[in-house]
1. If you check every pair at least six apart or on different chains, which have Cβ atoms under 7 Å apart with a residue in the stretch 210-228 that is without any contact (Cβ under 8 Å) to a residue 40 or more places away in the chain first and a residue that is part of a strand (DSSP E or B) and open to solvent by 20 Å² or more (accessible area, probe 1.4 Å) second?
2. Filter the stretch 53-92 for residues that are out of contact with any helix residue (DSSP H, G or I) (no Cβ under 7 Å at 6 or more places or on another chain), among the hydroxyl-bearing types (S, T, Y) and more than 19 Å from D122 (Cβ to Cβ); which is modelled with the lowest pLDDT?
3. With respect to E425, is the statement that it is open to solvent by 80 Å² or more (accessible area, probe 1.4 Å) and either within 21 Å of L354 (Cβ to Cβ) or basic (K, R) (or both) true?
4. Scan the stretch 332-353 for residues that are open to solvent by less than 10 Å² (accessible area, probe 1.4 Å) and at pLDDT 90 or above and jot them down.
5. Starting from the stretch 124-137, keep only residues that are in contact (Cβ under 8 Å) with a residue 24 or more places away in the chain, then list their pairs with residues that are hydroxyl-bearing (S, T, Y) whose Cβ atoms are within a distance under 7 Å, requiring at least 6 positions of separation or different chains.
6. Out of all the residues in the stretch 56-99, which are of a type in the set (G, A, S) and either buried (at least 17 other Cβ atoms within 10 Å of the Cβ) or within 34 Å of the chain's Cα centre (by Cα) (or both)?
7. State which residue is nearest to Q174 (Cα to Cα) when the search covers only the stretch 186-209 and only residues that are open to solvent by 20 Å² or more (accessible area, probe 1.4 Å) and β-branched (V, I, T).
8. Take T388 and decide whether it is in a strand (DSSP E or B), open to solvent by less than 50 Å² (accessible area, probe 1.4 Å) and closer than 22 Å to I418 by Cα.
Amino acid sequence: MAGDDRNSNDRKVFIIDTNVFIHKYDAILSFRDSEIVVPLWVLEELDKLKTYSDERGRNARHAIRFLDSITKHGDPTSGSKMENGSILRVALHYDDDIEIGLDRSRPDNKIILTALTIQNRDGRMVFFVSKDINARVKASALGLKAVDYEKQKVNFAELYSGYRGANIGSDSYQLFSQEEFLNWKDTLNPNEFVVLEDKEHDEPLLGRYNGRDGGLDLVDELPGAISGIHPLNMEQRMALELLLDDTVKLVTLVGKAGTGKTLLAIAAGLKKVFDDSAYGRMLISRPIVPLGKDIGYLPGAKEEKLSHWMQPLFDNLEFILSVHKRPNLKSVDAIISSNMVEIEAITYIRGRSLPNQFIIIDEAQNLSPHEIKTIVSRAGEGTKVVLTGDPYQIDSPYLDASSNGLTYLVEAFKGQRIYGQVLLEHTERSPLAELAAELL
């Protein structure tokens, strides 16, 4: 191989599937001192996707430019040296004599056959890297080592919850309730909550680690409803504490259906915009996960295209208006017409500068780590960003509970002073909804 200073047989071989580039366009930089093979059919799929105006299209275009920047300095078929010590090459063929009943008209199968051909020809262990579970199963069945791209994966079973419980003595309980501050021996993350229980008192106390004095600040009861909404459990009280604190610029609310994530975020946003005038506008958005091309290819005006995708947000607004009347804002249309609340698809947020806004991104579990970075980096001066989502309900075929952008962000921002997280586990929608979330 051109420019290779090692025996090629010493290198691990990684065959990269198209969806890996769509997930992270420069993913191959993660594979150091290896041989990276991009089958020709991956390039063809990227070429088709580059015309899309959604995140897939953008990543396809980025990937094409990135691959070009490497291969233009060498022969793509024999190998181009990368700065991380790896060799990148493009594979143009697979062995037609392989007797396997795969439909060879499908690009996915051609990519797998390319990997199998290289393994059979060279006798080396070949790693087939794909975000597509079905493709990995097929590759494994054919004797390939099939792996997920895990550079940005976290252990969802150990996801940071944002709070913990502790038992304290009666004297400490009394002291905390009176002084509203308690020295804490353990180092916690800034804005992490502690539910303090004492066997002599029925009601636990809620403390929040301030990250400055090495202690807990008492979280008082709310003075009243927030846009007509009362917290129904301790987790919701924690969420509102973070949502209403302007010093916490980034909040994540993770939980299953019916835990109140979106409702609490919108209620807090309405209070901050209309009652407190802390922000100039509330921007609410959610990702659109189409089965085909993105929303731009659907008929009708943008508002018509968005109506079905955004209906859950309208439902939450309507419920809040039903329990909390506002002068001159008696309907969702009136709120939208006020220009103080905007509901927009994430596709249209990209490239905007968003200062002094209360931004809510709903269903954030359907975003990749790169998309999350793109959106959060849009936050301008004085802006607060709230991300809500349920990692168990993911519509994207190439994301899961451990690799989606929401859980990735939780682990990345844990420990930052301007960040807070609450894992909501108790469903408050209805007994039926709670059973459905648990049993189905």
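1. Sorted first by the residue in the stretch 210-228, then by its partner, the pairs are N210/D217; G214/N183; G215/F181; G215/N183; D217/F181; D217/R208; V219/R208.
2. By that ranking, first place goes to T71.
3. It is false that E425 is open to solvent by 80 Å² or more (accessible area, probe 1.4 Å) and either within 21 Å of L354 (Cβ to Cβ) or basic (K, R) (or both).
4. V341 - this is the single residue of the stretch 332-353 that is open to solvent by less than 10 Å² (accessible area, probe 1.4 Å) and at pLDDT 90 or above.
5. Final answer for the pair search is V129/Y149; K131/Y149; K131/Y398; D132/Y398.
6. Of the residues in the stretch 56-99, the ones of a type in the set (G, A, S) are 57, 60, 63, 69, 74, 78-80, 85-86, 91.
Passing the criteria: G57, A60, A63, S69, G74, G79, S80, G85, S86, A91.
7. Among them, the one singled out is V195.
8. On the way: in a strand (DSSP E or B): yes; open to solvent by less than 50 Å² (accessible area, probe 1.4 Å): yes; closer than 22 Å to I418 by Cα: yes.
When the stated conditions are applied, T388 passes them.
The values are calculated or read from the model by the stated rules, or taken from the named source; none is laboratory data. Remember, predicted model here, so these are calculated numbers, not experimental data. Here the Cβ is made from the backbone with ideal geometry for all residues, glycine too, and neighbour counts use every protein chain on show. With ligands, DNA and RNA removed, areas are computed over all heavy atoms of the protein, side chains included. Shrake-Rupley method; radii C 1.70, N 1.55, O 1.52, S 1.80 Å.
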